[in-house]
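Notes for the one structure printed next.
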Amino acid sequence: CGGQFSSEQEIRVNSPFWILNIPSEEMARGLMKRTVCAKSVFELWGHGRSAGELYTSLNDYPMDKMLPYLQSDSTYKVHIHTFNKTLTQAQKIKKIDALEFLPFKGKVNLKNPEHIFWILEDYGMDPNNVPEDPLHLYFGRWIADGQRELIESYSVKKRHFIGNTSMDACLSFIMANHGRVKPNDVVYDPFVGTGGLLISSAHFGAYVCGTDIDYNTIHGLGKASRKNQKWRGPDENIRANLRQYGLEKYYLDALVSDSSRPIWRKGMLFDAIITDPPYGIREATRRTGSQKETVKSAERSTENHIFVSSSYHLSDIFFDLLKFAAEYLVMGGRLVYWLPIYRPEYTEEIIPRHPCLELISNCEQMLSSHTSRRLITMEKVKEFKDQDQNSHLLDGQYMPYRGHNSFREKYFSGVTKRIAKEEKDNQK
C-alpha cells in the first residue's frame with residue numbers, strides 16, 4: 001500500500017490483539033483489502049489492564065478526534081467482543097452502559113449504523129483457566145475487516161481439481177501478498193501442479209501461467225487425489241479451477257516443461273514468480289534426462305526427443321529457480337518460494353543467494369519437531385548479466401546448500417524414530 005507500519009510492541013503470541021501505528025486510515029483500509037491474517041482493524045481510542053484504566057485512557061483521547069463521529073445527525077452502535085470468554089446479554093449491556101461518559105450525541109441504529117464502536121476484551125489463551133476480569137481491554141472505532149472469508153471460499157476441500165500437495169488457500173494468499181501481486185501483473189509458477197498458487201494471484205487481478213514436468217497433472221489425467229474417487233473427471237484441470245472462481249479470463253496457459261531447461265525467450269517477462277518446489281516427500285523431484293546420460297547424448301539433445309526423467313537434487317532445484325528469477329523477473333519483481341529445512345541443522349547461511357536478488361523475508365512454518373519449511377521472499381535489485389549465470393558455483397558459501405539434498409532421508413529418519421518410540425511405548 002506504499003507505506004510502512006510500526007509497532008511499539010512485539011507480536012504477542014499469547015494475545016490475538018496487536019497495536020500498530022499506521023500512517024493513514026486509507027492505508028489501513030488498503031491493508032485489510034489484502035490480508036487474510038487479520039480479522040479487523042480499529043482506530044484505538046483507549047486501552048488498559050482494567051476498566052478504570054480504559055476509562056482514564058478514553059478521557060485522555062483528544063476530543064477533536066472523537067467529535068466527527070459523535071455528531072447529533074449521525075447513527076452508531078457499540079459492539080462488544082470477548083476473546084476466550086462468553087458474556088451474557090445483561091453483562092454486555094452493563095459494560096456498554098458504563099461508557100455513557102463519552103459524548104455520544106447521535107442515534108443508536110443496530111441494523112445500519114454510520115459508525116461502529118467496539119469494546120474488545122482479552123481473557124488470555126487458556127480455555128481451562130479463564131480469569132474473572134479481562135487481562136486487557138480496548139475501545140475503538142471500527143475501520144475495516146480483513147479477508148478471512150477467502151480462506152473458506154477458496155478452500156481446497158471445495159476445489160474442483162486438486163493434487164496431493166495443493167497449497168492451502170490461506171498460505172496461497174499470504175504468498176501472493178509477499179509477492180506484492182497487483183492487477184495486470186504476469187505471475188508465473190514453474191512447479192504449477194494443480195494451480196493452487198495461480199488462483200490467489202488471479203484473485204488480485206494478475207494474469208497467471210505455469211509449467212510442470214508432469215503431463216498427467218497439466219492435462220488433468222490419471223488417478224484422482226480425492227478419497228472415494230478413482231480417476232480424474234473429464235473437466236478436472238487448472239483452467240476449470242480458475243473458472244470455478246470466475247477468474248478464467250486471467251488464465252494464460254500451463255505448459256508441460258522441465259524447469260531446469262530453458263524454454264523462454266530472453267528478456268524480463270514476469271512481475272512475480274510464486275512457487276512451491278517439490279521436496280521429494282509427497283512429490284518426486286524430477287527433471288528430464290536419464291541417470292546414465294552421457295556427454296554424447298547431451299550433444300544430440302537438439303533432436304526432437306524427450307529424455308526419461310532423472311532425479312533432481314534439491315540444491316539444484318533452488319539454484320535453477322534463483323537463476324531463472326534473476327534472469328526473467330522485472331526489476332523490483334519478487335520471487336516467493338518454500339524451502340524445506342531440517343531444523344537441527346538450520347542456519348541463515350543455508351538460504352540460497354544470488355547477486356541479483358535481495359532477501360526480503362524468511363518465515364518459518366513448522367512441519368514436525370525436526371522439520372519445517374521457510375517461506376523465502378526475494379526481490380530483484382540488479383540487472384542480470386551473463387557473468388551472473390553460475391556465480392553461485394564460485395561462491396565459497398555454496399557447499400552448505402548441498403545439505404538440502406538429504407532432506408528426504410532426514411525427514412523419514414525422524415518419522416522412523418517416532419514410530420519406533422511409539423512401538424516401544426506401546427510394548428511397555
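Listed values, structure above:
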{"item": "The chain, dipole about Cα centre (Lys/Arg Cβ +1, Asp/Glu Cβ -1), debye to the nearest 20", "result": "1320"}
{"item": "Relative contact order (percent, whole number), the range 25-146, Cα cutoff 8 Å, 6+ residue spacing", "result": "42"}
{"item": "Under-5 Å amide H pairs with Ser50, H placed in peptide plane, nonlocal only", "result": "Leu137"}
{"item": "Accessible surface of Tyr411 - all protein chains present, 1.4 Å probe, nearest 10 Å²", "result": "60"}
{"item": "Inter-centroid distance (Cα atoms) of the range 122-180 relative to the range 1-64, Å", "result": "17"}
{"item": "Order of exposure, largest accessible area first, which applies to Glu10, Glu236 with probe 1.4 Å", "result": "Glu10, Glu236"}
{"item": "Candidate residues Thr86, Thr211: accessible-area rank, largest first, probe 1.4 Å", "result": "Thr86, Thr211"}
{"item": "Within the accessible area of the chain (1.4 Å probe), percent carbon and sulfur", "result": "51"}
{"item": "Test item: Cα-centred dipole of the range 25-146, Lys/Arg +1 and Asp/Glu -1 on Cβ, debye", "result": "440"}
{"item": "Rounded, prolate or oblate (a/c below 1.5 giving rounded, otherwise prolate when a/b exceeds b/c) for the range 25-146 by Cα gyration tensor", "result": "oblate"}
{"item": "Extreme residue, positive dipole direction of the chain, given options Met63, Tyr215, Ile174 (C-beta unit charges)", "result": "Tyr215"}
{"item": "Local electrostatic count, Tyr154, Cβ distance below 12 Å [Lys/Arg +1, Asp/Glu -1]", "result": "+1"}
{"item": "Selected from Phe270, Phe117, Phe101 as most flexible by GNM, with the chain as the system and alpha-carbon contacts under 10 Å", "result": "Phe101"}
{"item": "Kyte-Doolittle at least 0.0, axis length at least 18 Å by Cα - qualifying DSSP helices, the chain", "result": "314-328"}
{"item": "Heavy atoms of Phe204: accessible area, 1.4 Å probe, square angstrom to 10", "result": "20"}
{"item": "Cleavage-rule hits (trypsin sites (Lys or Arg not before Pro)) in the range 4-77: DSSP loop, at most 15 neighbouring Cβ within 10 angstrom", "result": "Arg12, Lys39, Arg49"}
{"item": "The range 100-167 shape via C-alpha gyration tensor axes, a/c threshold 1.5", "result": "oblate"}
{"item": "Relative contact order (percent, whole number), the chain, Cα cutoff 8 Å, 6+ residue spacing", "result": "11"}
{"item": "Which label in [x] 1.05; [y] 1.15; [z] 0.97 gives the computed Rg/Rh (Cα atoms, Kirkwood Rh)", "result": "[x]"}
{"item": "In Å², nearest 10: area of His178 left accessible to a 1.4 Å probe", "result": "40"}
{"item": "Environment charge of Ala272, counting only residues whose C-beta is closer than 11 Å and scoring Lys/Arg +1, Asp/Glu -1", "result": "0"}
{"item": "GNM result for the chain, Cα springs below 10 Å: residue of Leu375, Leu322, Leu44 fluctuating most strongly", "result": "Leu44"}
{"item": "Top positive-direction residue, dipole computed over the range 1-83 with Cβ charges, set Ser24, Val13, Leu54", "result": "Val13"}
{"item": "Largest to smallest accessible area among His79, His313, His370 [probe 1.4 Å]", "result": "His313, His79, His370"}
{"item": "Among Val78, Val108, Val36, residue whose mean-square fluctuation peaks in a GNM of the chain (springs only between Cα atoms under 10 Å)", "result": "Val108"}
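The values are calculated or read from the model by the stated rules, or taken from the named source; none is laboratory data. Remember, it's a predicted structure, so these values are computed and weren't measured experimentally. Neighbour counts are summed over all protein chains in view; Cβ atoms, including those assigned to glycine, are modelled from backbone coordinates with ideal geometry. Remember, those area values only see protein heavy atoms, side chains included, never the ligands or the DNA or RNA. Shrake-Rupley method; radii C 1.70, N 1.55, O 1.52, S 1.80 Å.
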